[in-house]
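Below is one structure; the comments refer to it alone.
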Amino acid sequence: MSDFMEDYALWRRLPFPVLRRGGNLLRAGENLALIHGDLALADEHVTQVIPFVDEGIFQPSRGDVMGLLEGIISRLERFGEGAATEEREVIDAHYQYAVLLYRIYGEFLRIGAP
């Protein structure tokens, strides 16, 4: 459970990724602002982990959080193909955050399940 707690502590300290100001990144039919919004939604679902860590209350989200995060990760992988250096930083920050959420929520489901 230590990896879970390390990931959890990192997530609680880590700021949510930001979009680059003044530009809307579009590539391969995707809009990074939409991916960013979906990541914010996933982040909100993952907050169900907080009562579990603090009080032992296991109440998973009703939505398919793992599926949502898998989709976000896949979209970011495609979006990042051929990205310029400054775009790459923004995309990588979103990707790393999504992967962290995926690990945390997956472990939450595994540990908390009866």
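The values are calculated or read from the model by the stated rules, or taken from the named source; none is laboratory data. The structure displayed is predicted, hence computed values, not measured ones. Methodologically, a virtual Cβ is constructed for each residue, glycine included, from the backbone with ideal geometry; neighbour enumeration extends over all protein chains shown. Calculation scope for accessible area: heavy atoms of the full protein, side chains included, ligands and nucleic acids excluded. Shrake-Rupley method; radii C 1.70, N 1.55, O 1.52, S 1.80 Å.
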Original post:
What does a probe at residue 6 reach in segment 70-93, counting residues whose amide N is under 19 Å from the point 7 Å along Cα→Cβ?
Top reply: none
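Given a cut-off of under 8 Å on Cα pairs at least six residues apart, what relative contact order in percent is computed for the chain? Walk me through the numbers on the way to the answer.
Numbers: 94 pairs, mean separation 40.7, N = 114.
Relative contact order for the chain comes out at 36 percent.
Taking a probe of 1.4 Å, how large is the accessible area per residue of the chain, in Å²? Walk me through the numbers before you get to the answer.
Values: 6650 Å² over 114 residues.
Using a 1.4 Å probe on heavy atoms only, each residue of the chain averages 58 Å².
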Original post:
Using the per-residue mean of other Cβ atoms lying within 10 Å as a proxy for protection, in what order, highest first, do the peptides 67-76, 96-105, 47-56 fall?
Top reply: 96-105, 67-76, 47-56
**OP:** Answer with a single label: of (1) 1.02; (2) 1.11; (3) 1.19, which was calculated as Cα Rg over 2.2 N^0.38 Å from the structure in view?
**Re:** (2)
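Express the carbon and sulfur contribution to the solvent-accessible surface of the chain as a percent, rounded to the nearest whole number, probe 1.4 angstrom.
Details: 3450 of 6650 Å².
Heavy-atom surface of the chain belonging to carbon and sulfur, 1.4 Å probe: 52 percent.
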